[in-house]
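For reference, the structure is listed below as structure tokens.
Each value in this text was obtained by applying a stated rule to the coordinates, not by laboratory testing. Owing to the predicted nature of the structure, the values given are computational and were not obtained by experimental measurement. FYI the Cβ positions are ideal-geometry reconstructions off the backbone, even for glycines, and counts take in every protein chain you see.
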Amino acid sequence: MAEKRLLGAAAFVLMLALVVTLGPAMRVGAQDGEPEQGPILFDPTLQVSTVVEGLTLPTSIAFLGEDELLVLEKNTGQVKHVVGGAVQSVALDLAVNASSERGLLGITLHPDFENNGYVYLYWTCSAPAPTDTPYFPSQIECADEPALGEDSEDLLAVLLLGNRVDRFVWDGAALTWDMNLTKLRVFQNDAAPIPRGQGDEEQAVLGNHDAGVITFGPDGKLYVLFGDVGRRGMLQNLPFGPISYGPDGALPIEVAPEAVPREDESGILPEELALSSAAQFPRTMPVPDDQFGGPFPDDAHYTGVILRLNDDGTIPEDNPFHAVGASIGGEIGENIQMTFAYGIRNSFGMDFDPLAGHLWMQENGEDAFDELNLVRPGFNSGWIQVMGPLGRVDQYREIETTEAHNEPFPNLQQLRWGPENIADSPGEARQRLFRIPGSHFSNPEFSWKYVLAPAAIGFVNGAGLGEAFEGDLLMGFSEPEPLEGPLFHFELRPGRMAIALTDPSIRDRVADNEEPHDLTESESFLIGAGFGIVTDIETGPNGNLFVVSLSDGAIYEISMRE
């Protein structure tokens, strides 16, 4: 492989100054130097062009051929068939709930798509809003065969298990439903008077942290990225539920029995899910996460995970926790068996390294420590006890207890477990982690002290952009700030298990920026700007890189300069 190309410092500073100086209607074009609207690239060997525009909040794409693709629209629930850069037809129109981060979110093709035509979609189904009480949805789950047509943006017009993955069949013109693989939690209205005493009476109705990226790995298995949906239970590293910690960081020795749901009134954790602290505090009882129970990962509380499934939704026997789940049994055991990784807050980006086959994921923090992670089988990402490197948990605590993330007070989103509960030391944080046998925690491969809000990630698969970019990782962002949507470029070190770092100031794998959306110590990764909110990055059949911009309603193509 050719030696990697680095943008000269002087050229970089000049280009950055130019982007900051020019307004959105007068940016330097990437191809011909003429003023134009749209994204730009800083590498002189690359160019960017618009291949599809006029879309409504596009989220994800899948190529059917070199000049043919399917594109999802988040709020319309439509899968559009695009040929030659133009929309030919609507291949499917699902009845989605598109409030907040919900909607039609993820698409992937079966590895043997050419023969079976299987297309997989991650989406949120809608339902009538509750009428008797706003704290319980009108239904538990949608029918297996999805409803089509009318969409909703009512935060409460969802089922309890309204996030779902389904398989469809492509016939060359339309998608026909084939089967449902899984249904996952979506309902978020946690200000219910039960359970009592959790201090969340002012909790707002929410619809975020649904994640939604799906992809097949080189092993032929389907990987589903699912956010925490605001839960506060075992898979968020709270084995006893949203219990406040004492002033010395210890768990409470006893919890009032009336706080424990009937099915858990023994207060005994399943032996296979026991945490070291359960033995240390034998009389500690789990408390419910919400009005539906928990903190055990039953169907209503199975969140913050990467699922690994066979192509028909069954569970691979070589999953990292398959034996543990089998010994537990029931829906909790089955959910543990499906799990490839857990302890995840939320993410908009996941992809497999085409050269080494490793899974990578970005993870979004609240105010502190967005992450880029190498995800090995059984990975525990650490949320909510840890964000960023374990050795910086003091900074995680300091930022989350002093910053306000578009809120009147810091809260880590859910009021029932506030940032004052974050550990005071790395040792204490590690001790609190929920340890499923066979799990492991590792620090992120890169993180930012203050959030930058990363989103889609995608590897360059092949040498279509030149050998210098083959196997490299690109990252977009979920907010157009700064630079109207930056684009980052990461090289991997030999062995392909770590990011290559050339800036001495970030050898600790942390960008010590000074405030949210500040690019300090990230300048060396910047390769583009003006891409808006990026929700998907894919290598096309022609070897070029395609970037989906939700905010621009467009798909951009990055290619070698002619």
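For the chain, the relative contact order is 14 percent, taking Cα pairs closer than 8 Å that sit 6 or more residues apart in sequence and dividing their mean separation by the residue count. P(r) for the chain, from all Cα pairs and a bin width of 20 Å, is 22, 56, 21, 1 %, short bins first. For the chain, the dipole from Cβ point charges (+1 on Lys and Arg, -1 on Asp and Glu) about the Cα centre works out to 980 debye, to the nearest 20.
Within the chain, the selection of entire DSSP H helices by a Cα span of 15 Å or greater along the long axis and an average Kyte-Doolittle value of at least 1.6 returns 9-21.
Residues whose amide H comes within less than 5 Å of that of Ser551, counting only those at least five positions distant or on another chain, are Ile533 (H built at 1.01 Å from N in the peptide plane).
Across the range 333-406, the mean sequence separation of Cα contacts (distance under 8 Å, 6 or more residues apart), normalised by length, yields a relative contact order of 29 percent.
Could you give the length gained by full extension between Val87 and Ser425, i.e. 0.36 nm per residue of separation minus their alpha carbon distance, to one decimal place?
Extra length from Val87 to Ser425 when fully extended: 116.2 nm.
Judged by the ratio a/c of the largest to the smallest principal axis of the C-alpha gyration tensor, the range 278-434 counts as oblate, that ratio being 1.5 or greater while a/b is no larger than b/c. Cα centroids of the range 45-91 and the range 326-376: 27 Å apart. Restricting attention to the chain, close to 90% of DSSP beta bridges with both partner residues there are antiparallel. Candidate cross-link partners of Lys80 among the aspartates and glutamates, defined by an alpha-carbon separation under 15 Å and a same-chain spacing of 8 or more, comprise Glu53, Asp67, Glu68, Asp93, Asp171. What whole-number distance in Å separates the alpha-carbon centres of the range 388-445 and the range 177-214? Each part reduced to its Cα centre gives a spacing of 21 Å. Label reach from Phe136 (point 7 Å along Cα→C-beta): in the range 189-221, amide nitrogens under 18 Å belong to 189-196.
Full extension of the chain between Glu53 and Ala204 gives 50.9 nm of extra length, using 0.36 nm per residue less the Cα-Cα distance. A Förster radius of 22 Å, combined with the Cβ-Cβ distance separating Ala500 from Met560, puts the computed FRET efficiency at roughly 0.50. Cβ-Cβ distance of Asp512 and Thr401, R₀ of 22 Å, FRET efficiency by 1/(1 + (r/R0)^6): the value works out to about 0.70. Extension gain for Thr176 to Leu355 (0.36 nm times residue separation, less C-alpha to C-alpha distance): 61.1 nm.
Inter-label distance, Ser442 to Ser327: 2.5 nm, where each label sits 7 Å from its Cα along the C-beta direction. Taking a sphere under 12 Å around the Cβ of Glu363 and counting the other residues whose Cβ falls inside, with K and R at +1 and D and E at -1, yields a net charge of -4.
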